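J.: Sharing a structure here in structure tokens format.
The values are calculated or read from the model by the stated rules, or taken from the named source; none is laboratory data. Quick caveat: nothing in here was measured; it's all calculated off a predicted structure. With ideal geometry, Cβ positions are generated from the backbone for all residues, glycine too; neighbour counts draw on all protein chains shown.
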Amino acid sequence: MKSDPRMAAGRAFVRSLNILLKFARLYGYDHSRTGEQLATAWEELRTALSGAGDAGVVLGASGSQLLLDGVPLEGNPAEKQFAQLLAGAGLASVQFFPSVTGEELARFVRAFPTGKAKPSELAEQLREALAGVHGIRTNEICFVATDARHRNAGVAAQLAAAALGGEEDKIGEWLNDPQKLLELIAAAQGRRGDGGGAPGEGNSEGDAEGSGEGPGTGAGSVGVAGGNAESGAIGAGSGAGPGAEG
């Protein structure tokens, strides 16, 4: 399988950058070997940027894993150490833009301590070294609040467990399986439908006027009747003559 020239150039720059930082720790930044390695890293960065777009080259860190433009690199000890250094300093990535200059790269490299230092010191030194620099940008790790929809998912699982009579950890799986969830809802409704309903109670009140077929008319009143929901009210009427109540 043919390798991507842009990725190959990016890997070459990462390798040179690690060697440069190693020489700086061993000999200091003013040593000739360190200066020569800085020139090599600069040339390889320019080669990597020539095949990149406006976003340039991005070195990311995830724990001890170093990423180049989002692609994990085969981690040798030097790359793992560099990734851990960035992650420990709270940096998610370092971005090199096509507009970067050799002087800006040198300022970036010199921000790395040559001796033992706390990760937080690296973050502060990089901020100071890259102040006013436009060709290199460090991206700090951001902690984003959880989406309310995800927080409510736990509440939904608890409510579903109570309604369907299942265990909450299983409900979480069911919520991700719509077909299974529909089957459970149908089964729960079936269980409720098997039971008999309790008789209802109803009260009715009203006034009725009755008319007689005989010589007299009278007004009748309907009494209050108590019974279940299926029974109606029967009223008693009074009048001067026989009649039927309405």
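J.: In segment 126-143, how many residues are outside any loop (DSSP other than H, G, I, E, B), surrounded by fewer than 17 Cβ atoms within 10 Å (Cβ to Cβ) and modelled with pLDDT of 90 or more? I'd like the intermediate steps shown before the answer.
T.: Applying the first criterion (outside any loop (DSSP other than H, G, I, E, B)) to segment 126-143 yields 126-129, 136-140.
Retained after the next criterion (residues that are surrounded by fewer than 17 Cβ atoms within 10 Å (Cβ to Cβ)): 127-128, 137, 139-140.
If we keep only those that are modelled with pLDDT of 90 or more too, we end up with 128, 137.
Qualifying residue count, segment 126-143: 2.
J.: Let me ask something else. Any residue in segment 3-28 that's over 16 Å from THR47 (Cβ atoms): show its pairings with residues that are polar (S, T, N, Q) and modelled with pLDDT under 90 at Cβ separation under 6 Å, as long as the two are six or more apart or on different chains.
T.: As it stands, the answer is ALA24/THR114; ARG25/THR114, since those pairs meet every condition given.
J.: Based on this model, can you work out whether GLN65 counts as under 32 Å from the mean Cα position of the chain (by Cα) and polar (S, T, N, Q)? Break it down into steps so the answer makes sense when it comes.
T.: Details: under 32 Å from the mean Cα position of the chain (by Cα): yes; polar (S, T, N, Q): yes.
Spelling it out, GLN65 is indeed under 32 Å from the mean Cα position of the chain (by Cα) and polar (S, T, N, Q).
J.: Select, from LEU73, LEU91, LEU85, the only residue that is under 17 Å from LEU45 (Cα atoms) and at pLDDT below 90. Outline the logic, then answer.
T.: On the way: LEU91 fails: under 17 Å from LEU45 (Cα atoms); LEU85 fails: under 17 Å from LEU45 (Cα atoms).
Matching residue, one of LEU73, LEU91, LEU85: LEU73.
J.: Filter segment 1-54 down to the residues that are more than 41 Å from the chain's Cα centre (by Cα), over 23 Å from GLN81 (Cα atoms) and of a type in the set (A, V, I, L, M, F, W, C) and list them by number.
T.: If the condition is that a residue be more than 41 Å from the chain's Cα centre (by Cα), over 23 Å from GLN81 (Cα atoms) and of a type in the set (A, V, I, L, M, F, W, C), then no residue fits.
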